[in-house]
Protein chains: 2
Amino acid sequence: MQRIHAYEDIEHFDATTDVVVAGFGGAGGCAALEAKRAGSEVMLFESASGPGGSTALSACEMYLGGSGGTRLQKELGIEDSSENFLRYLEACFGPYADPARMRVFVDGAAEHFDWVEALGVRYRRSLFSGRDVVALTGDSLQYTGNERAYPFNEKATPVPRGHLPTDAGHDGGKVVMAALVAQVEAAGVAIEYDARIVGLIQDRAGRVRGAVVRNAGRDRTVYARQGVVLCMGGFIMNEAMTRKYIPQLDAIATRHGNPGDRGDGILLGMAAGGNPINMGEAFVGIAHYPPAQLTYGIFVNAQGQRFVNEDVYLARLGHFALQQSEQRIYMFIDNRYFARPDYLNTEIIAVGETVAEVETEAGFPEGTLQETVAFYNRHAALGDDPLFHKSAAWLAPLVSAPFALVSYSLADIRPPVFTLGGLEVLPTGEVLSPEGDIVPGLFAAGRTAAGIPRTSQGYASGMSVADATFFGRLAGRRAAGGNRLTL
Amino acid sequence: MQRIHAYEDIEHFDATTDVVVAGFGGAGGCAALEAKRAGSEVMLFESASGPGGSTALSACEMYLGGSGGTRLQKELGIEDSSENFLRYLEACFGPYADPARMRVFVDGAAEHFDWVEALGVRYRRSLFSGRDVVALTGDSLQYTGNERAYPFNEKATPVPRGHLPTDAGHDGGKVVMAALVAQVEAAGVAIEYDARIVGLIQDRAGRVRGAVVRNAGRDRTVYARQGVVLCMGGFIMNEAMTRKYIPQLDAIATRHGNPGDRGDGILLGMAAGGNPINMGEAFVGIAHYPPAQLTYGIFVNAQGQRFVNEDVYLARLGHFALQQSEQRIYMFIDNRYFARPDYLNTEIIAVGETVAEVETEAGFPEGTLQETVAFYNRHAALGDDPLFHKSAAWLAPLVSAPFALVSYSLADIRPPVFTLGGLEVLPTGEVLSPEGDIVPGLFAAGRTAAGIPRTSQGYASGMSVADATFFGRLAGRRAAGGNRLTL
């Protein structure tokens, strides 16, 4: 497939605008709106028959904080300095992190909340302080990651940063996208559905000058005076790419995304000289809660060893599960705390009146599970987890017979997976070449770009949609000729 | 930096040949020799002042087998079918593997041994059956990977495949390169040193037509009628690239390679439309032997848990060490088996007359190390390792006081690291685009390409140099117009 067309060869453009935005999910919608508000003429193309992207499929928790706190955090008396937010993100992604991108994000995220609320999205001033993937209480603020878990709780003050549209439950993305779509339409962005960007038009000096749009089998050339913004999602639905880039997950993944996550934006960007980074990393989630009481259980591997503090976020559990031999992990739990997880089909593989019975029935070498449980119980009784530092809030001896061992092995769970690799960009969305030069006229945001979240081990719910919408806005403004950020 | 020059803009070429080869290490030397032997005119450019590359820095163990056995294996009575070899490689790299490349390799590796021997490299018909990184006995065949370790020993019949030039010790690479250089010179390849390929010349249809060579600050254009073969090494010496692609290793690595491993070949290939894959993977080695007796010790993590069978190859230990919390690992060993490893500076952090004393001195939670050692000893006495399946040959209770705990943590060891990512190529060396199309006229081999070894967890000594020389030859032949392989 020819993805790059020489500008000099094109005699006629079917349309002309200032900014072309490819993809009408959260990133593309925000990019288009900001470019338009900055005074540019904008054409927005979406390959599906309607807007939404993966943002609409999500609960649209946005992971926001900093600047002393978002308006929502502050009104609930929660303080969150930008430095505290930054320390948390550094703990999440370590050497994988992009420092410049994180700096801009922690300084701008509080303002972003106001911007989203001003779109017309309602956020109730109430905190859900429990442990759940998505609060179903109507509360609009919650903990969504590893904030209260070791070692994160030692590196940054734990604060809730998941900002959730009120009363929307798992459908927050539909609420946010409806508000965004209304604003994009009202602003006068020219929107076309069933229209897929299949090529970029680049001049001999390397500047992207426009795009080729395919609709109903017909290709049209669009000249973009200011630039093209690629917000075409990740690549979890492109099996050739997942086999190549995330082979360790390809066979066990439940592909989590929208059908447009075909990697087209990344491939277009690469063809124009962009650099794909972080391509081997992906979110892999094992939703071991709710109900929260399951956090009292302990996870063991095939050796009967614990390997993680069980109060971590579900993507961190996924990360560590992937490292255990044959990706086999189990929860050991007693009758007092036993429950079925809400979002997983788990299988009980052994039950017994004693730990020894469970150990034997599950086929663990004699003494392994017994020693692990005895050691855990001995310390849990003292409110201590010397090995993995699970919070005292979730520590209690597992002593109420009968006991159960439940498989959470990856091959059984088939966890949701989505990609965290994409084009290397500046915080402004400007696409970089492998040598760090800007590809002029080309921008990317959302999961077409490598964003804030870089590994499953530090992921928190709401990071993707916060990153996509926040940096979508910056890309739209920069494409429209806005001032370069001082970084 | 402008890496691609438009063929149509070049009015004058300073030189013309059939095949340009970039880099005179093992891969480039083999590519040049085969292209020349196939009847092509060949120009070989090397950025250093002499030949060698990383191959010359290595012991030049070549990891070979299949076809019933190489000549050396067969003469020692060792049988190694291609299927057995393939099963082993599949166990090594799992979903990361390139099936087509492995198939060609296991079927052709035995012939490759004959080819290398015919260069004038001497291999003594004797087997070193011990456990060492490089046999220093003059023997020319040895086990160099995980062949005899679980789970590999259950998936393929263990056979030694490390083919080592006799009496060369760690200097086998100098021996092999000297033989190769003599043949390349005798064949009439035009060799130029201090000459670095800084650009590719590509026509508007995408065909690579030549290269730009820089020597003493002067750039010359070279037209290549048949093709350009990039054998310019990996990118371990390019800190901007290692920060981006292997951030998890960047801070702790001892960079293992030659100064030319700057990633230039990968960057040139990307600029021409090639696809970088496996870029996040690297070899990370913790040489926990020789002396082999250290294999009787056990490795524990900061939780006092074992996490690996200690009879694995050093790169598999590195892989698992990287996964332990804070990358802290320790060897527990008794007085009977204690020794200092030959290739590492290790630090004893605790000694004691009892395991309990060591546990306390090292600051492990009470009972952790004691339980681990007691469990291990109980089963080792029976010749069994039910948790990690270390071979019975290395199982003995650790009971001879005093006992020691020795740090092998990554931050202390600073392990050697080199990169395993590169351009995606066909087994013929033809460079592929992200969509799987061939970039005509462009070839890659050695660590400029993604090769047989794809992850540290399955690496064996000799895989890189075998891959580089074997696929260097195929790339040279294909560039010279040889028939496409039937794959």
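The values are calculated or read from the model by the stated rules, or taken from the named source; none is laboratory data. Keep in mind the model is a prediction, meaning the values are calculated, not measured. As a convention, Cβ positions derive from the backbone with ideal geometry for all residues, glycine included, and neighbour counts pool all protein chains shown.
Looking only at residues in the range B:367-394 that are touching a residue at least 24 places away in the same chain (Cβ under 8 Å) and of a type in the set (G, A, S), the one that is nearest to the other protein chains (Cβ to nearest Cβ) is B:S391. Kindly indicate whether any position in the range A:118-133 is in the same structural domain as A:L86 (by TED's automatic domain parsing), part of a helix (DSSP H, G or I) and over 20 Å from the mean Cα position of the chain (by Cα). Yes, the conditions are met somewhere in the range A:118-133.
This table checks each residue for (1) within 14 Å of chain B (Cβ to nearest Cβ); (2) closer than 18 Å to A:I438 by Cβ; (3) not in a helix (DSSP H, G or I).
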residue: A:G206; (1), (2), (3): yes, yes, yes
residue: A:R209; (1), (2), (3): no, yes, yes
residue: A:V212; (1), (2), (3): no, no, yes
residue: A:V228; (1), (2), (3): no, yes, yes
residue: A:A240; (1), (2), (3): yes, no, no
residue: A:G257; (1), (2), (3): no, no, yes
residue: A:I266; (1), (2), (3): yes, yes, no
residue: A:G269; (1), (2), (3): yes, yes, no
residue: A:G274; (1), (2), (3): yes, yes, yes
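For the range A:442-454, the criterion of a residue being within 29 Å of A:V176 (Cα to Cα), β-branched (V, I, T) and in the same structural domain as A:G39 (by TED's automatic domain parsing) is satisfied by at least one position.
Applying the selection to the range B:44-90, what residues are under 19 Å from B:V134 (Cα atoms) and either out of contact with any strand residue (DSSP E or B) (no Cβ under 6 Å at 6 or more places or on another chain) or assigned to a strand (DSSP E or B) (or both)? Within the range B:44-90, B:S54, B:T55, B:A56, B:L57, B:S58, B:A59, B:C60, B:M62, B:Y63 qualify.
The residues in the range A:432-487 that are in a loop (DSSP other than H, G, I, E, B), buried (at least 24 other Cβ atoms within 10 Å of the Cβ) and of a type in the set (D, E, K, R) can be counted, and the count is 1. Of the set (1) modelled with pLDDT of 95 or more; (2) surrounded by fewer than 24 Cβ atoms within 10 Å (Cβ to Cβ); (3) farther than 14 Å from B:A27 by Cβ, all apply to B:P427 but (3). All but one of (1) assigned to a loop (DSSP other than H, G, I, E, B); (2) within 12 Å of chain A (Cβ to nearest Cβ); (3) without any contact (Cβ under 8 Å) to a residue 24 or more places away in the chain; (4) not acidic (D, E) hold for B:F364; which doesn't? B:F364 satisfies all of (1) assigned to a loop (DSSP other than H, G, I, E, B); (2) within 12 Å of chain A (Cβ to nearest Cβ); (3) without any contact (Cβ under 8 Å) to a residue 24 or more places away in the chain; (4) not acidic (D, E) except (3). Inclusion of A:G145 among residues that are in contact with a helix residue (DSSP H, G or I) (Cβ under 8 Å, 6 or more places away or on another chain), in contact (Cβ under 8 Å) with a residue 24 or more places away in the chain and either under 30 Å from A:V42 (Cα atoms) or assigned by TED's automatic domain parsing to the domain that holds A:N309 (or both) is not warranted. Return yes when B:T221 is part of a helix (DSSP H, G or I), surrounded by fewer than 24 Cβ atoms within 10 Å (Cβ to Cβ) and over 17 Å from the mean Cα position of the chain (by Cα) and no when it is not. Against the criterion (part of a helix (DSSP H, G or I), surrounded by fewer than 24 Cβ atoms within 10 Å (Cβ to Cβ) and over 17 Å from the mean Cα position of the chain (by Cα)), B:T221 does not qualify. Anything in the range B:328-358 that is modelled with pLDDT of 95 or more, of a type outside the set (V, I, T), closer than 24 Å to B:D250 by Cα and not in a loop (DSSP other than H, G, I, E, B)? List them, or say none. If the condition is that a residue be modelled with pLDDT of 95 or more, of a type outside the set (V, I, T), closer than 24 Å to B:D250 by Cα and not in a loop (DSSP other than H, G, I, E, B), then B:Y330 is the only one that fits. Just to check your reading of the model, which residue among A:F105, A:F24, A:F85, A:F93 is more than 24 Å from A:G273 (Cβ to Cβ), within 14 Å of another protein chain (Cβ to nearest Cβ) and not basic (K, R)? Being more than 24 Å from A:G273 (Cβ to Cβ), within 14 Å of another protein chain (Cβ to nearest Cβ) and not basic (K, R) holds for just one of A:F105, A:F24, A:F85, A:F93, which is A:F93. Those residues that are surrounded by fewer than 18 Cβ atoms within 10 Å (Cβ to Cβ) and within 26 Å of the chain's Cα centre (by Cα), I need them from the range A:175-193; list them, please. Of everything in the range A:175-193, those that are surrounded by fewer than 18 Cβ atoms within 10 Å (Cβ to Cβ) and within 26 Å of the chain's Cα centre (by Cα) turn out to be A:A178, A:A182, A:Y193.
When you check B:F403 against the structure, is it within 30 Å of A:G422 (Cα to Cα), buried (at least 21 other Cβ atoms within 10 Å of the Cβ), touching a helix residue (DSSP H, G or I) at 6+ places or on another chain (Cβ under 8 Å) and not basic (K, R), yes or no? Against the criterion (within 30 Å of A:G422 (Cα to Cα), buried (at least 21 other Cβ atoms within 10 Å of the Cβ), touching a helix residue (DSSP H, G or I) at 6+ places or on another chain (Cβ under 8 Å) and not basic (K, R)), B:F403 does not qualify. Of the set (1) buried (at least 24 other Cβ atoms within 10 Å of the Cβ); (2) charged (D, E, K, R); (3) closer than 25 Å to B:P440 by Cβ, all apply to B:R3 but (1).
When A:E83, A:E41, A:E34 are checked against the criterion of being farther than 21 Å from A:V104 by Cα, in the same structural domain as A:G234 (by TED's automatic domain parsing), more than 16 Å from the chain's Cα centre (by Cα) and among the charged types (D, E, K, R), A:E41 stands alone in meeting it. Within the range B:367-394, the set of residues being in a loop (DSSP other than H, G, I, E, B) and either more than 16 Å from B:Y337 (Cβ to Cβ) or not assigned by TED's automatic domain parsing to the domain that holds B:N301 (or both) comprises B:G367, B:L382, B:G383, B:D384, B:P386, B:L387, B:F388, B:H389. Checked across the range B:226-246, the condition of being in contact with a Phe, Trp or Tyr (Cβ under 9 Å, 6 or more places away or on another chain), surrounded by fewer than 19 Cβ atoms within 10 Å (Cβ to Cβ) and not hydrophobic (A, V, I, L, M, F, W, C) holds for no residue. Number of residues in the range B:23-35 that are in contact with an Asp or Glu (Cβ under 9 Å, 6 or more places away or on another chain) and either part of a helix (DSSP H, G or I) or of a type in the set (D, E, K, R) (or both) equals 3. Set side by side, the residues B:A302, B:A315, B:A339 differ, and just one is closer than 30 Å to B:H379 by Cβ, of a type in the set (G, A, S), away from chain A (no Cβ under 14 Å) and surrounded by fewer than 21 Cβ atoms within 10 Å (Cβ to Cβ), which is B:A339. For the range A:278-299, the candidate set comprises residues that are in contact with a Leu (Cβ under 8 Å, 6 or more places away or on another chain) and facing chain B (nearest Cβ under 10 Å); within that set, the residue that is farthest from B:G421 (Cα to Cα) is A:E281.
Screening B:R103 against (1) touching a Phe, Trp or Tyr at 6+ places or on another chain (Cβ under 9 Å); (2) basic (K, R); (3) not in a loop (DSSP other than H, G, I, E, B) leaves a single unmet condition, (1). Somewhere in the range B:135-154, is a residue part of a loop (DSSP other than H, G, I, E, B), under 22 Å from B:R473 (Cα atoms) and either small (G, A, S) or within 20 Å of the chain's Cα centre (by Cα) (or both)? No, the conditions are met nowhere in the range B:135-154. In the range A:395-417, what count of residues is obtained for those that are within 14 Å of chain B (Cβ to nearest Cβ) and assigned to a helix (DSSP H, G or I)? The qualifying residues number 2.
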